[in-house]
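First comes the structure, then the notes that go with it.
The values are calculated or read from the model by the stated rules, or taken from the named source; none is laboratory data. Note that the structure is predicted; figures quoted are calculated from it, not measured. Using ideal geometry, Cβ is built from the backbone for each residue, glycine included, and neighbour counts are taken over all protein chains shown. Remember, those area values only see protein heavy atoms, side chains included, never the ligands or the DNA or RNA. Shrake-Rupley method; radii C 1.70, N 1.55, O 1.52, S 1.80 Å.
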Amino acid sequence: MSKVALITGVTGQDGSYLSEFLLSKGYEVHGIIRRSSVDFRERIAHLEGQPNFHLHFGDLGDSMSLVKVVGKVKPTEIYNLAAQSHVQVSFDSPEFTADVDATGVLRVLEAVRACGLEKTCRIYQASTSELYGKVEEVPQNENTPFHPYSPYAVAKLYGFWIVKEYREAYNMFCCSGILFNHESERRGETFVTRKITLAAARIAQGLQDKLYLGNLSSLRDWGYAKDYVECMWLILQNDKPEDFVIATGVQHSVREFAYYAFKHAGIELKFEGEGMNEKGICVAGPEELVGKVLVEVSEDFYRPTDVVNLWGDPTKAKAKLGWNPSKTSFEELVKIMVESDMAKVAAEGAAQKVRMNLAEYLEKGIVK
Ligand code: NAP
Ligand code: G4F
């Protein structure tokens, strides 16, 4: 039987990598996209037009749209990745976050039941290490108690429990991957890692003066998104529907991430001071930057409650799924992201220069 996957959140970081992965495995891949006034889907543009890749309009806030797509596609696997995924944004838009990240999960499960696919369709739910929140033990595994610490995490906790409930009540093959932070060159630009790699590239190329960050001491277990999407698939190929922690088992601070990112961009930083007064000073690198403060702390990027000690234990995924959590090391991840942003910024800088030249030529009447 041919394998048909339906991915919600297909335009996101993980959705784009998962699409590539499933296409390479011979799946027919369907993605749900939201209606928008602009038709620009950067992360999946290279896949559009491929014979096994199809897009459908739908929204996690709209059950009817989900029932229509699920009924039409009749997927054998659903990957529910769609979410308002930014923790800080969840403090600003808690109701929207609850609707998409909590009730949205219920809508997907109910769409599967409404279409009579509960015995044939396996469902993956994108759960998160944010459930551990104000952590009650380190490192965290499948048995660690949850203590959600943001509107995002509280909404995702509902998603986790409703998946478990439908598994037990209706005998559905639905499970959650409790994924720790995973990053890539496709990561949204307001998440801390990408914000840092973009800034390091811009500062190194003279296009930005300084980077403002929040809590530099926050600790995360960062992996590479490309490696993590394989695990989503492995979870659905397991004999039994079970929940899994997916992490590298290695922890670093935001400060360390910044140090290595700037280093890859050719700038050596030394951090001095504490708390709000901590600063990252350039001690080696381009002459014009040496001695300058390049990283500062700003209250604007502190959260009302922050999760500061995430560290995952992937023992179960290693043993039961045969997953290798050390495929891409922290240092390699930082390097991949910085190299990509150095190239992106260089291309943008060149385009900007052309635009500036053109404006000057127009003004001087050199071109008409
Ligand atoms: P992302 O880049 O922010 O992508 C989120 C996706 O959800 C986008 O495609 C977005 O569509 C879509 N979406 C948002 N609201 C929607 C709605 N109402 N209806 C339909 N689609 C909607 O997130 P990601 O990093 O790929 O993460 C994927 C999933 O894993 C999310 O559920 C996230 O919460 C979870 N997660 C992520 C991490 C991580 O470290 N990346 C860790 C644990 C769990 P638009 O393009 O239209 O905005
Ligand atoms: O990069 P972040 O915004 O990611 P966060 O909050 O860990 O959430 C991400 O990972 C979760 C998995 O644990 C996902 F469920 C979620 O969808 C998302 O993908 O922030 C990481 C840490 C936080 O402690 C934050 O306070 O970095 C700290 N931080 C310090 N300065 C900052 C900044 N975060 C952001 N976004 N921007 C800053 O300037």
*Any chance you could list the semi-axes, whole Å, largest first, of the equivalent ellipsoid that the Cα gyration tensor gives for the range 1-142, using √(5λ)?*
25, 18, 17
*asked:* Based on alpha-carbon atoms only, what is the radius of gyration of the range 176-255 relative to the globular estimate 2.2 N^0.38 Å?
replied: 1.37
_Anisotropy class of the range 238-307 from Cα gyration tensor, a/c 1.5 cut_ = oblate
*Per-residue HN-Hα couplings for the range 161-174, Karplus 6.51 cos²θ - 1.76 cosθ + 1.60 at θ = phi - 60°, whole Hz, x for Gly and Pro?*
6, 6, 5, 4, 4, 5, 4, 7, 6, 10, 6, 7, 8, 10
*May I ask you to compute the full-extension gain from ASP239 to PHE191, defined as 0.36 nm times their residue separation minus their alpha-carbon distance, rounded to one decimal in nm?*
13.8 nm
*Potential lengthening between LYS292 and GLU339 on full extension [0.36 nm per residue; Cα-Cα distance subtracted]*: 14.6 nm
*LYS72 paired with ALA346, simple spin-label distance in nm, labels 7 Å along Cα-to-beta-carbon*: 4.3 nm
*Provide the per-residue ³J(HN,Hα) series for the range 225-240, in order, calculated from phi with Karplus coefficients 6.51, -1.76, 1.60 and θ = phi - 60°, each as a whole number of Hz, with x at glycine and proline positions.*
3, 4, 6, 6, 5, 4, 5, 4, 5, 4, 4, 7, 8, 5, 4, 10
*Obtain the radius of gyration and the Kirkwood radius of the range 289-332 from its C-alpha atoms and give Rg over Rh.*
1.21
*Which FRET efficiency, nearest 0.05, do HIS86 and TYR302 yield, Cβ-Cβ r, R0 22 Å?*
0.90
*How about the range 232-310: which GluC sites (Glu not before Pro) there lie in a loop by DSSP and see at most 12 other Cβ atoms within 10 Å?*
GLU274, GLU287, GLU288
*Write down Rg/Rh for the chain, rounded to two decimals, with Rg from the C-alpha atoms and Rh from the Kirkwood relation over Cα pairs.*
1.00
*asked:* Give me, ordered by chain and number, the residues 5 or more places off LEU179 or on other chains with an amide H under 5 Å from its own placed amide H.
replied: SER127, THR128, SER129, ILE246
*Cα centre as origin, Lys/Arg/Asp/Glu Cβ charges: the chain dipole, Debye*: 1040 debye
_Based on the alpha carbons, how large is the Rg to Rh ratio for the range 224-341 when Rh follows Kirkwood?_
1.09
*Under 22 Å from LYS292, Cα to Cα: lysines that are on another chain or at least 8 residues apart*: LYS195, LYS210, LYS263, LYS270, LYS279
_Apply the a/c threshold of 1.5 to the C-alpha gyration tensor of the range 58-150 and tell me whether it is rounded, prolate or oblate._
oblate
*Residue-normalised accessible area of the chain, given per residue in Å² at a 1.4 Å probe*: 46 Å²
_Within the chain, what whole-number % of the accessible surface is contributed by carbon and sulfur, with the 1.4 Å probe and all protein chains included in the calculation?_
52 percent
*What list of ³J(HN,Hα) values in whole Hz, one per residue of the range 128-140 in order, does the Karplus curve 6.51 cos²θ - 1.76 cosθ + 1.60 (θ = phi - 60°) give from phi, with Gly and Pro shown as x?*
8, 5, 4, 4, 6, x, 7, 4, 9, 7, 10, x, 9
*At a Förster radius of 22 Å, what calculated FRET efficiency corresponds to the Cβ-Cβ distance of SER329 and GLU142, to the nearest 0.05?*
0.35
*Amide H within-cut-off set for ASN309, under 5 Å, with H built and near neighbours excluded*: VAL135, LEU219
